[in-house]
Amino acid sequence: MTTILEEYVAKHPGSAQRYAEAVQIFPSGVTHDNRYAEPFPLYITHGTGPRKWDVDGNEYIDYVSGHGALLLGHSHPAIVAAVTEQISRGTHLGACTEEEVRWAKAIQALVPSVEKIRFNSSGTEATLMAMRLARAYTGKNKVIKLQDHFHGWHDYAMAGSDRSAPGIPPETFNSMVIVPPGDLPAVETALSRDSDIAALILEPTGAHYGQLPFDVPNYLKGLRELTKQYGVVLIFDEVVTGFRASPGGAQVRYGVTPDLTTMAKIVAGALPGGAVGGQADIVDMIAHRGDPEWDSQHRVYHPGTFNANPLSAVAGATCLEIIASQSINQRADAMADRLKTGLNDVFGRMEISGHAHGIASMIHVVLADCDCNREICSMPHSQIKQATAGPAVTGLKRGLLNHGVDIMGRDAFLVSATHTESDIDETLAAFEQTLELVRGEGLL
């Protein structure tokens with residue numbers, strides 16, 4: 001009988017050939033850590049709506065969704081038209097544009113906490129900027145970060161990470177205070193013992209966009225109260241959850257207003273782009289005042305060749321205006337709920353220990369069961385990590401690809417508004433077939 005791995009190799013000779021060339025050029029043959037896969041990753045040629053195709057002509061229902069950026073699916077006609085028109089007018093005009101104003105207003109229309117905004121080029125840049133603004137605004141040096149929460153790959157963000165971090169001076173980590181997620185007393189202890197805390201940053205639905213969740217509504221409310229009490233800037237990293245957890249992000253979904261919000265992915269219509277928005281007097285730490293001492297000694301300096309690049313600006317504005325005027329989130333959430341319910345039915349019907357949980361259009365699969373409400377998982381984070389680290393998860397990822405389904409990482413589904421009921425049902429059939437194969441190989 002052919003194994004999952006053998007079928008994967010047989011179905012993707014074109015990807016294997018291209019990887020053999022790429023590995024001579026790029027470290028590990030890839031340009032993003034999440035795309036590294038053994039024995040080789042897939043090479044994709046194009047996508048439309050919820051589907052994409054690889055160099056061997058294989059078709060996939062796509063739940064990677066551009067690493068979460070494609071709430072509107074691949075190649076949305078309105079975004080294609082807007083970007084195509086802008087390319088003909090100029091890709092970099094080296095000046096202010098009307099497009100950047102339109103883009104900013106589209107963000108403000110959905111996220112009420114954004115009084116002022118500054119654009120940059122990625123989520124990593126956005127979180128770096130937010131931390132610097134908070135330090136400059138408060139005159140303090142340290143930032144509280146939750147264990148395992150992901151805020152990009154800059155030096156400060158790597159503190160408390162579940163990844164290795166060579167090349168970062170210890171002094172950098174000394175400016176970061178790591179606390180366990182979901183533990184309000186630990187936050188209060190850190191704040192009460194150290195008067196040099198400038199900010200607290202977190203993924204508002206839990207690490208890795210909710211893979212490792214906590215009691216979100218109560219925890220966020222508690223953090224807001226504590227940070228106000230101690231005069232600490234509260235930063236929501238909504239790079240993934242922004243415009244996906246709700247049209248206004250997790251902060252609108254749960255009714256908790258941060259001081260600063262970091263954004264990327266959907267905010268730029270799935271083109272390169274990031275932003276920091278929030279309380280005007282904090283963002284205005286970047287502003288020129290016409291005071292030589294302020295402008296040269298105290299102002300936060302922020303250049304950036306591609307800040308508010310017109311291509312990203314028109315894509316982002318178009319995307320956000322569609323989200324504001326159409327039932328985009330409702331459609332994506334409905335399909336995600338159908339998928340989550342179906343996945344849990346499959347686990348139950350096959351009598352395999354596992355479950356799917358998540359909010360809005362972000363679904364996580366854990367090959368272990370618990371009695372959670374399937375929205376916010378109550379399983380200890382250590383158990384979730386253990387369940388998602390085994391060979392069964394690798395087999396699940398490969399097997400789903402063999403059956404025409406591509407998931408985010410090895411255990412997540414990021415659903416778009418273009419996924420249909422038939423896409424979901426086809427996915428569930430592939431999931432059931434793959435689970436049976438994984439079990440047949442003795443991995444479950």
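Throughout, read-outs are computed from the coordinates displayed, never taken from laboratory work. Because the structure is a prediction, the values reported are computed rather than measured. Positions of Cβ are backbone-derived with ideal geometry, glycine not excepted, and every protein chain shown enters the neighbour counts.
Remarks
- Residue-averaged 222 nm ellipticity for the chain, from DSSP H runs of 4+ at -39500 (n - 2.57), nearest 500: -12500 deg cm²/dmol
- Computed over the chain, Kirkwood Rh from alpha-carbon pairs, angstrom: 22.8
- Net charge, Tyr209 excluded, C-beta distance under 15 Å - Lys, Arg +1, Asp, Glu -1: -3
- Ala109 paired with Thr2, simple spin-label distance in nm, labels 7 Å along Cα-to-beta-carbon: 5.0
- Once the Cα atoms are used to define both axes, helix 13-22 deviates from the longest principal axis of the chain by about 40 degrees.
- In this rough spin-label picture, where each label sits 7 Å from Cα along the Cβ direction, the Thr91-Asp345 distance is 4.7 nm.
- Inter-label distance, nm, simple model (7 Å from Cα along the C-beta direction), His298/Cys370: 4.7
- Taking every alpha-carbon pair under 8 Å whose residues sit at least 6 apart, the range 279-427 reaches a relative contact order of 20 percent.
- Average Cα contact separation per residue, the chain, under 8 Å, 6 or more apart, as relative contact order %: 21
- 0 to 90° range, to nearest 10: angle between helix 98-110 axis and the chain longest Cα axis: 80
- As a length-normalised measure over Cα pairs under 8 Å and 6 or more apart, the relative contact order of the range 77-325 settles at 31 percent.
- Shape of the range 77-325, Cα gyration tensor, a/c cut at 1.5: prolate
- Put in line by how crowded their Cβ is, counting other Cβ atoms within 10 Å and starting with the fewest, Ser296, Ser161 read Ser296, Ser161.
- Of His419, His288, the sequence from fewest to most neighbouring Cβ atoms within 10 angstrom is His288, His419.
- Beta bridges per DSSP with both ends in the chain, % antiparallel, nearest 5: 60
- Tensor-based shape of the range 183-251 (alpha-carbon gyration tensor, a/c under 1.5 rounded, otherwise prolate or oblate): prolate
- In plain terms, the bigger the Kirkwood radius, the slower the diffusion; for the range 85-193, with that radius from Cα pairs, at 37 °C and 0.692 mPa s, Stokes-Einstein puts D at 196 µm²/s.
- Ordering Ser327, Ser15, Ser416, Ser175 by the number of other Cβ atoms within 10 Å of each residue's own Cβ, fewest first, gives Ser327, Ser175, Ser15, Ser416.
- Helix 123-138 and the long axis of the chain differ in direction by around 30°, with both axes built from C-alpha atoms.
- For the range 262-357: span of alpha carbons on each principal axis (Å, largest first): 70, 29, 23
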